[in-house]
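Input: a single structure, listed below in structure tokens.
The values are calculated or read from the model by the stated rules, or taken from the named source; none is laboratory data. Note that the coordinates shown come from a computational prediction; the quantities given were computed from them, not determined experimentally. Cβ atoms come from the backbone with ideal geometry, glycine included; neighbour counts cover every protein chain shown. Please note that ligands, DNA and RNA were not included when accessible areas were found on the heavy atoms of the full protein model with its side chains. Shrake-Rupley method; radii C 1.70, N 1.55, O 1.52, S 1.80 Å.
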Amino acid sequence: MRWIVRIAFALVGLIVVAAAGGYIWLRGSLPQMSGTIAIPGLTAPVEIVRDREGVPHIAAASEADAYRALGFVHAQDRLWQMELQRRLGAGRTSELVGAATLPMDKTLRTLGIYRVAQENYADLDPASRALLDAYAEGVNAFLATRDPLTAPLPIEFQLLGVAPEPWRPADSLVWGKMMALSLSANWNAEVNRARLATKLSAAQIAELYPAYPPGLPTALIALGPVYRDLPLAFASIEATLADLVVKPDPANGSNNWVVAGSRSATGKPILANDPHLGLQVPSVWYFAHLRAPGLDAIGATLPGIPAIILGRNQRIAWAFTNTGPDTQDLFIEKIDPADPNRYLAPDGPRPFAVRNDTIKVKGGGDVELTIRSTRHGPVISDVNERTAKAASEGHVLALAWTALSPTDKTARAPHGMARAQNWTEFVAAIRDYETPMQNMLYADVDGRIGYYAPAKVPIRKAGNAIAGTAPVPGWDATYDWDGFVPFDELPHHVDPPAGVIATANNKIVDERYPHHITYDWEEPYRAQRIAEVLNGHRRHAVEDSVALQADVVSPLARELLPQLLRAKPAAPAAREALALMAGWDGRMDAGKPQPLIFAAWYRALEPLLYGDEAGALLFAETFERRPRFVANALARNPVWCDDVTTPAVEDCRSIVTRAFEQAVDGLSKRYGHNPKRWRWGLAHATHMKHQPFTRIPVLAGLFDLRIENGGGNYTVNRGGYSASDAAQPFAHIHGASLRAIYDLSDLDRSLYMHSSGQSGNRLSPLYGSFIERWRDVRFMPMTTARAAYAADALGTLTLTPAR
């Protein structure tokens, strides 16, 4: 028996040695931060100093060399992220992971996003193409100079058995398109309203979607009979949209504000920004500093894209939030009864434009795809089998979207913004910006502040009463777009008398504005809270912006708390929980039970209010998006409190009580029977997911990041969660992807932080090095002073031209 024991110990030893050897080998995938590397394409040496946080400060002799170096460091730190992103945009993830992502690939191939990116590159001016080319050369230089024996690819490539292809300029442009897709939610709202129109009255839909100020078109119901008669299954269209990994998310939002010197403690503007996106690891953002003749900018880049997207140079700073315009329309196209290869247009039948594509699937055979387009855009109903059957019954659904324009020149704008020295030059740069529409705030060292919302926004005709709120007949010219809002007529202003500009995805125009932007503005709660705090300061300091970005007061909770306190629960645990709510101030603090009780009550309340009228399937799509409807129903419109499926007539107090008892019962089962011991942070832990390993439990534990957190869906410090997630209804999955505060009195005193860390390599100490400071709303300095960033630097790498 001793020999068995000896062999067992020997085998364990071999396994340990092999694991240690594998770990040491994989550590070779970490970036070289010091020394010299010769790469092709450079015209002169480039210095890359990585500061103590891993932020590269790139100093080059030309702008093109600076972007070559940016491509190189992006590849060093985020190669897997870049590879996955370009495959997502190209509809090629099935090559990596197999048939599980085939529906998503079909959708993206049908949209043709990568094909459009290629067209956009070909249409750009030579100078812009040259910078994209330089960036691609930098990425490819990293791939070419890497020794596969001593510098293996990151672990994701090893586990999936794939290798990166050479980088192409369209790979950069396609991720910009995918970001636009993730910030465009209108087609979801259109489908949703169309489905509701088959069951609810125009008045009911208007109440579910309260406009501010009131004004949703009531003509929507006129298409109700059309939708009922159509064979198109709108639930299947929703399933098609759900196939996207980068989903159009109605919860996407952001905050930004700028305070003029007349209102600041420094006498110069203070600009703050925190864009809200789905939280992931690695972060969507990567900080970098680029210095070259005519360029000295620092801020947030997107791995794969050669640009400082959000940031500052030595004279100006800029910040974005999503405007959320209606730049998408769904068109119901009628197939020509005499020829299934044609569809009806106002001037008669037209042939579908048809192209064929092939999707390669790992572990399976190739999938052939026939993609049809109409004069409006790609036929997205062909993607889903159930909706594709509608074609045989006479109709298909096509998508018009401004981001699919072959002449989109958005890629030009960031380079001009980074070089701009004043408001005039900044505005000139953003004239090229088309998608996605952003609320751009501006400040400069001379004291000027400004706002512009650039984009290609379609003009709807005067007779189009639907105005982008629901799918419309494609054969009727009434619903065709009638050009685009001229740039000079887009929302903008400079140096307002109030000395403050703030946006939080709220409505940005008043009734005097002549053009339609959207009906689907974000709920006003964050904007109200920001205005309340900013108006409370006579002299705003940088520290005040820090505190405001950390603010977890929920105006929605404060508004609905009196309604919650009307509950009359019978169960002792529910009465104890209700007593805790009496003195609550509406702060969604991680360490308190009250935010959890409120969130669970609200989650139980919504289906009781309108799930009976809308039906279970429809309710699932509108869930957690109707807070103003809920407030209006409880305060002013009690008819919604009655359950139409029962003979009794319920009042709002009974519905409030039932929701409270359901909430407390569910929380007791999950967190114990003592409400005083419940904690919001435990239920609301931030979950940053790694793609694709978050789907594999044994790997998710290694690659995903989690940390307890506060905030809520309607707090300035956004702690977005999806209450429709049965397993983790309150997990924090959406919020500030980065935070930045720019001090225009001394730009080197500006601050920034993003959500995870600079590295996408799990073996790096920089993989999750930001997460605690990000959660606690702490910052690091955004300095471009070499003496500051070179102190305690992780290393200095010199790239030299290859001979």
Apply 1/(1 + (r/R0)^6) to the Cβ-Cβ distance of Lys199 and Ala787, taking R0 = 60 Å, and write down the FRET efficiency to the nearest 0.05.
-> 0.35
What is the stretch 479-551's relative contact order, in percent, from Cα pairs under 8 angstrom and six or more apart in sequence?
-> 26 percent
How large is the charge dipole for the chain, taken about the Cα centre, if only the Cβ atoms of Lys, Arg (+1) and Asp, Glu (-1) carry charge, to the nearest 20 debye?
-> 1880 debye
Relative contact order as a percentage, the stretch 694-803, C-alpha pairs under 8 Å and 6+ apart, gives 16 percent
Distance in nm between pseudo-label sites at Leu580 and Glu425 (7 Å out along the Cβ direction from Cα) = 5.6 nm
Rounded to one decimal in nm, the spacing of the 7 Å Cα→Cβ label points at Ala571 and Lys409 is 6.3 nm
Considering only the chain, what is the antiparallel percent among its DSSP beta bridges, to the nearest 5?
-> 85 percent
Ranked packing of 575-582, 103-110, 168-175, most packed first, by mean Cβ within 10 Å = 168-175, 103-110, 575-582
Calculate, for Asp125 and Lys360, the FRET efficiency according to 1/(1 + (r/R0)^6) with r their C-beta to C-beta distance and R0 41 Å; round to the nearest 0.05.
-> 0.75
Relative to the present Cα-Cα distance, how much length would full extension add between Ala353 and Glu368 at 0.36 nm per residue of separation?
-> 3.7 nm
Heads up, the chain by the C-alpha gyration tensor (a ≥ b ≥ c square roots of eigenvalues; a/c under 1.5 rounded, else a/b over b/c prolate, else oblate) looks rounded
Name the residues whose placed amide hydrogens come within less than 5 Å of the amide hydrogen of Ala345, ignoring near sequence neighbours (fewer than 5 apart) on the same chain.
-> Arg350
Can you tell me which of 319-328, 369-378 comes out highest on packing, and rank the rest after it, using the mean Cβ neighbours within 10 Å?
-> 319-328, 369-378
May I ask you to list the residues of the stretch 424-447 whose amide nitrogen lies under 14 Å from a point 7 Å from Cα along the Cα→beta-carbon direction of Asp488?
-> 428
Sorted by packing (mean other beta-carbon atoms within 10 Å per residue), highest first, where do 129-135, 431-437, 141-147, 288-294 land?
-> 431-437, 129-135, 288-294, 141-147
Per residue, what volume in Å³ does the Cα convex hull of the stretch 602-731 take up?
-> 145 Å³
Inter-centroid distance (Cα atoms) of the stretch 40-73 relative to the stretch 439-475, Å | 36 Å
For the chain, the per residue accessible area (1.4 Å probe, Å²) is 37 Å²
Relative to the present Cα-Cα distance, how much length would full extension add between Asn637 and Val509 at 0.36 nm per residue of separation?
-> 43.3 nm
For the table Lys268/Lys409; Lys568/Lys676; Lys177/Lys456; Lys409/Lys461; Lys409/Lys507; Lys334/Lys360, the rows whose alpha-carbon distance is greater than 24 Å are Lys268/Lys409; Lys409/Lys461; Lys409/Lys507; Lys334/Lys360
Carbon and sulfur: what percent of the stretch 333-470's accessible surface (1.4 Å probe)?
-> 50 percent
Counting alpha carbon pairs within less than 8 Å and at least 6 residues apart, what relative contact order, in whole percent, applies to the chain?
-> 19 percent
Asn505's amide H: which non-local residues (gap 5+, or another chain) put their own amide H closer than 5 Å, with H modeled 1.01 Å from N in plane and none for Pro or chain starts?
-> Ser254
Determine the dipole magnitude for the stretch 79-141: charges of +1 sit on the beta-carbon of Lys and Arg, -1 on that of Asp and Glu, nothing else is charged, the reference point is the Cα centre, and the result goes in debye to the nearest 20.
-> 300 debye
